[in-house]
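Bear in mind these aren't lab numbers, they're just calculated from the coordinates by the rules spelled out. Not measured: the values here are computed from a predicted model. Cβ sites come from the backbone with ideal geometry, for glycine too, and all protein chains shown count toward neighbours.
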Amino acid sequence: MTELERDAAFDAQVLAALPHVVRFARALAHDDALADDLVQETYLRAYRSWATFRAGADARRWLFTICRNVYLRHRERESRVVDTSGEDAELESLAAAVEHGQAERSGLGDLLDRIEVAPAIRSALAAVPEVYRTAVILVDVEGESYEAAAEVLGVPVGTVRSRLFRARRLLQQSLFKYAVDAGIVRTPAPPGPGAG
Amino acid sequence: MTTTDERGSPALIECEAAARALYDYLDGRLPMATEASVYWHIETCRNCASHFAFARRVLDLVPSAVPLAGEAHALRARIVESLKVEGYAER
Ligand SMILES: [Zn+2]
């Protein structure tokens, strides 16, 4: 492969994935300027190690992996990653079911038709710790499998699953809270008359 | 764990088991027998049906809430400049 061919392949597979990498970096960093720096550093590293990229592998996934490593290095001295692999994701789901019932009884019903969902989801994602946000971006936004997400994050599939469960639960919770703050639902439902 | 009974029809499960299986079910990660049990539970349980439907809708709405970054022209130019230093030849 000539240098020109090598760079053409880099364009087609790696530069073409830029919008996805930007979205991923923004979800990680939560600061657009920092995200841009992460993306630039990601591309620099990707270019330097392009020769090691296996033809036919998933370039986007490869870039996510690099981007997350760059990000982790960046915040090495900041607070350590909260590892939630030992927590019971299923219990979280159970709590979510109970909450859902309560919220519904206090007028939740058509919540999703009554709030601006996209901003609510964005602010909810912004509020959850990065490990959860990243799981949601990889699986629910990018459509990666649990296995692929585990590969990008360097954790077991079970950890992806529990992070995802918790993230989604937090997301649901935030949507309820968003609706309450917007005055759409009252929780808990106040007893007696005069609530209107 | 939920299994099928002797007649081969899905075993009845409780709301708690359904709640635990929620996301595995929505992501299609349950073994067939368990999936059938969850399916029949939400067919017959109003609360769980509502919860599952809500969770499904939220998951469906997430991708459009986090749109792609667009063309990111300025950033792309910045990246290309830094790659040129490494020997990259822009086409
Ligand atoms: Zn139920």
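Each Cα pair under 8 Å and six or more residues apart adds its sequence gap; the mean of these over the residue count of chain B is a relative contact order of 22 percent.
With helices as the sole contributors, chain B gives -20500 deg cm²/dmol at 222 nm; each DSSP H run of n ≥ 4 counts as -39500 (n - 2.57), and the sum is divided by every residue.
If R0 equals 22 Å, the separation of the Cβ atoms of A:Asp32 and A:Val98 corresponds to a calculated FRET efficiency of about 0.05.
Largest first, the three principal axis extents of the alpha carbons in the stretch B:22-61 are 28, 22, 9 Å in whole numbers. Each residue of the stretch A:151-164 was assigned a 3J(HN,Hα) from its phi angle through the Karplus curve 6.51 cos²θ - 1.76 cosθ + 1.60 (θ = phi - 60°); the sequence is 5, 4, 8, x, 10, x, 4, x, 5, 4, 4, 5, 5, 5 Hz, with glycine and proline shown as x. Shape analysis of the stretch A:91-181 based on the Cα gyration tensor places the equivalent ellipsoid semi-axes at 26, 14, 10 Å, largest first.
For the stretch A:1-77, applying the loop criterion from DSSP together with a ceiling of 16 other beta carbons within 10 Å to the GluC sites (Glu not before Pro) yields A:Glu76. Charged neighbours of A:Ala25, selected by a Cβ distance under 11 Å, balance to -2 (K, R count +1; D, E count -1).
Mean per-residue shielding of peptide A:137-150 is 2, counting Cβ atoms of other chains within 10 Å of each Cβ.
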